[in-house]
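The structure appears right after this line, and notes come after that.
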Amino acid sequence: MRSLFRRENRLGLFVVAPFAAFVALFLIYPTLVVLYKAVTPGGTLGTDALQRALSGTYRTGFINSIALSGTSAIIGGIVGILLALTIKSLQRPRWLHSTLDSWSAVASQLGGVPLAFAFIATIGTQGILTKLLMNVGIDLKEYGVSATGFWGIVIVYLYFQIPLMFLVMMPAVSGLKETWREAAAIMGASPARYWRAVGIPILAPAALGGILLLFVNAFTAYATAYVLNSGGALVPLQIRFLLQGNVITGEEDLGNAIVAWVIALLLTSLLLMTLLQRRTLKWTSS
Amino acid sequence: MSMESVTALAPGHGDPAGPPPIDRGRRGVRPSSFIRWAFLIMVALYFVVPMLAMARFAFQNVPTALLTPEKIFTGWSMSGLWAALTDPQILNAAKTSVLLVVFAIILNLVLLVPLAIVTEVRSPQLRPFLTAFTLLPWVIPPIALVVGVAATFRATVPWFLASVFSLVPFYALWAMPFTYRALDAGLQAISARTLYEAARSMGASLGTIIFRVLLPNMRASMIAASGLTAAMVLGEFAFASLLLKTTLPTQMVTYERSDPRGGLALALFVMLLTALSLGLVVRSLRRRGLNVQTTGL
């Protein structure tokens, strides 16, 4: 970094300064203010707000959000890995790999309002699938599936979670070399033994990292949850409530405290993910 | 090993050791192959059915409760979509969103193109900082930053948040990770450093190098970054909604409340448009061999 300030690197400084100022003003400054306010509720240093942000309805919110994000991350992660492995093993329709690759890049960016609408038309009370299944005697509600409930939201989130996992896993899965499997087979290892001793240990860091990313992705999703169930007890919806409602005096630090916890949770997940990714790189960069 | 080379290695032609045609036919009914295809078809159904359900709801004017097999072909019309597309408030919101896209792209390219070039050709020591920076938007997502913005800018510079274009810097911020990744991938693909040194040793000025050597070569990655930014901005709901700004996604939710059919038709239309343009961007990138991560990681 110091070399930036040397005479011949004036250009570098000239280019870095606007970018750094921009990030500092619009990202770092508001974030630091929130974190500062979270630990100084009412103007004095204290953990009062931080504690209240994890009690009562807000505690429920965190538990619900973590359960929802965790469930959708694990299911999405497993399906995404299986999809990547299936695509790798099926080499025959040559268009399959590239089509799925492009499709995943697109679908992982979808989400938000239109996606919620699509699932309301599918598994909502007036949804076409709800009605079709009703005709054959299956009531989705009896299985706890409605577009506004826990499993409904999980099903909706999977729409962008599965493609994201596929994108994250494909490089690692491609890194599994065919020669390793052949070598294991020649030495008499069964397919199960090959997976236990070679496949799973190599894929595990990438898979865990991917699932953490999916967790973060689902935890911060707002639009879909808002359209499906705006009164739900999920952290993003509670932040909206605190931000828009006429909050009672003394409560304004609660929103800051919740955001502080969210940032801590996301930061931990992403740091873990980065560590796991480094392990993956060892295998895929060769 | 990149994904490209894996696809290229797939057998199919020029593979003398490949199985004879009869063998292929037999392999097609192997149980494991059957399971794979069954799995793929199930996943495909999961992705296709909601889109079809949405299209039916949007374009068939028959309530689901009254839908019977005889009525499958009745009541189809584009009137809902047409009404939504000609709604003055939707048009206004769409105009706002398009302007937000344009401004966010310009701001991003102005800030990041010079930075990406300097990092690649002159100051590689900046790279770790930029890589760390690309994780920041995941740590501070819209739903978290909006609280900070409300706590700071709303109190100190209220005129700033009064305009809908106050969203531009924040949208640019969330688009920065994949913009930087796309630019960086583009620079590495053309070996920018070698080009820079070659041009320099032949006495080219800095301006000549940037405008006649590097920038023309970065067109593909700039287009890719712009496409991804556009998709991000056209889909962003949380930040705009919580700051009470009217953009296309927020207006879509309002519109759907008064006209569900038209609202869904509009949502499907916007989603297809986004998906198509994004798909074209991704495909053209893959064809050029640029391994751009659309996730921005």
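Relative to the Cα centre, the charge distribution of the range B:79-287, modelled as +1 at Lys and Arg Cβ and -1 at Asp and Glu Cβ, gives a dipole magnitude of about 460 debye. Straight-line cross-link reach from A:Lys88 at under 27 Å between alpha-carbon atoms covers these lysines, not counting any fewer than eight positions away in the same chain: A:Lys177, A:Lys282. Helical content alone sets the calculated 222 nm signal of chain A at -23500 deg cm²/dmol, taking -39,500 (n - 2.57) per DSSP H segment of four or more residues and averaging over every residue. Charging the Cβ of each Asp and Glu at -1 and of each Lys and Arg at +1, and nothing else, the dipole of the protein assembly as shown about its Cα centre rounds to 1480 debye.
Couplings 3J(HN,Hα) for the range B:106-111, derived from phi with the Karplus relation 6.51 cos²θ - 1.76 cosθ + 1.60 (θ = phi - 60°), are 4, 4, 5, 5, 4, 6 Hz, where x marks Gly and Pro.
Ignore the peptide's own chain and count Cβ atoms of other chains within 10 Å of each Cβ in A:30-36; give me the average, rounded. Shielding by partners across A:30-36 averages 6.
Of B:Leu112, B:Leu45, A:Leu129, B:Leu248, how do they rank once you tally other Cβ atoms within 10 Å and put the fewest first? Walk me through the numbers on the way to the answer.
Details: B:Leu112 24, B:Leu45 11, A:Leu129 19, B:Leu248 27.
In increasing order of surrounding Cβ atoms, one gets B:Leu45, A:Leu129, B:Leu112, B:Leu248.
Let me spell out the model: positive unit charges on the Cβ of Lys and Arg, negative unit charges on the Cβ of Asp and Glu, origin at the Cα centre of the range A:40-284. What dipole size does that give, in debye rounded to 20?
920 debye
Using the Karplus relation 6.51 cos²θ - 1.76 cosθ + 1.60 with θ = phi - 60°, the per-residue 3J(HN,Hα) values for the range B:130-145 come to 5, 4, 5, 4, 5, 8, 4, x, 6, 6, 10, x, x, 5, 8, 5 Hz, with x marking Gly and Pro.
Which helices of chain A meet both criteria: a Cα extent of 30 Å or more along the helical axis and a mean Kyte-Doolittle score no lower than -0.5, with helices taken as whole DSSP H segments? Display every interim value, and only then the final one.
On the way: long enough: A:56-89 (49 Å, 1.10); A:150-174 (34 Å, 1.85); A:252-284 (48 Å, 0.91).
Membrane-span-like by this criterion, though nothing is claimed about a membrane: A:56-89, A:150-174, A:252-284.
Ignoring everything except DSSP H segments at least 4 long, calculate the 222 nm mean residue ellipticity for chain B; use -39,500 (n - 2.57) per segment, divide by total residues, nearest 500. Kindly include the intermediate steps, with their values, before the conclusion.
Values: 15 runs with 209 residues, N = 297.
Calculated from helices alone, the mean residue ellipticity at 222 nm is -22500 deg cm²/dmol.
Since only B:Leu242, B:Pro158, B:Ala225 are under comparison, the one whose Cα sits farthest along the positive direction of the charge dipole of the range B:157-285, derived from C-beta charges on Lys, Arg, Asp and Glu, is B:Ala225.
Counting residues in chain A as N, plug N into 2.2 N^0.38 Å and put the Cα Rg over that result.
Working: Rg = 23.4 Å, N = 286, 2.2 N^0.38 = 18.9 Å.
Here the answer is 1.24, to two decimals.
Evaluated on the protein assembly as shown, the Kirkwood hydrodynamic radius is 25.9 Å, with distances taken between all distinct Cα atoms. Residues whose amide H comes within less than 5 Å of that of B:Trp76, counting only those at least five positions distant or on another chain, are B:Asn61 (H built at 1.01 Å from N in the peptide plane).
Karplus-derived 3J(HN,Hα) values for the range B:173-179, using 6.51 cos²θ - 1.76 cosθ + 1.60 with θ = phi - 60°, are 4, 6, 8, 4, x, 6, 5 Hz; glycine and proline are entered as x.
Simple rule: put +1 on each Lys or Arg Cβ and -1 on each Asp or Glu Cβ in chain B, find the dipole, and look at B:Ala58, B:Ala144, B:Ala132; the Cα lying farthest toward the positive end is B:Ala132. Could you work out the percent of alpha carbon pairs in the range A:83-191 separated by over 24 Å, rounded to a whole number? Result for the distance tail: 48 percent. Ordering A:Val198, A:Ile186, A:Phe160 by the projection of their Cα atoms onto the charge dipole of the range A:137-268, which places +1 on the Cβ of Lys and Arg and -1 on the Cβ of Asp and Glu, puts A:Ile186 at the extreme positive end. List the lysines whose Cα sits under 17 Å from the Cα of A:Lys131, skipping any in the same chain fewer than 8 residues away. Hits, sequence-local ones excluded: A:Lys141, B:Lys71. Extension gain for the segment B:Ser33 to B:Arg212, taken as residue separation times 0.36 nm less the Cα-Cα distance, is 59.2 nm to one decimal.
Relative to the current alpha-carbon distance between B:Arg193 and B:Thr68, full extension at 0.36 nm per residue lengthens the span by 38.4 nm. Inter-chain Cβ neighbour count for A:12-23, averaged per residue, equals 5 (cutoff 10 Å, partner chain atoms only).
Read the figures in this text as sums done on the coordinates, not as results from a lab. The shown structure was predicted, so the numbers you read here are calculated from the model rather than taken from an experiment. With ideal geometry, Cβ positions are generated from the backbone for all residues, glycine too; neighbour counts draw on all protein chains shown.
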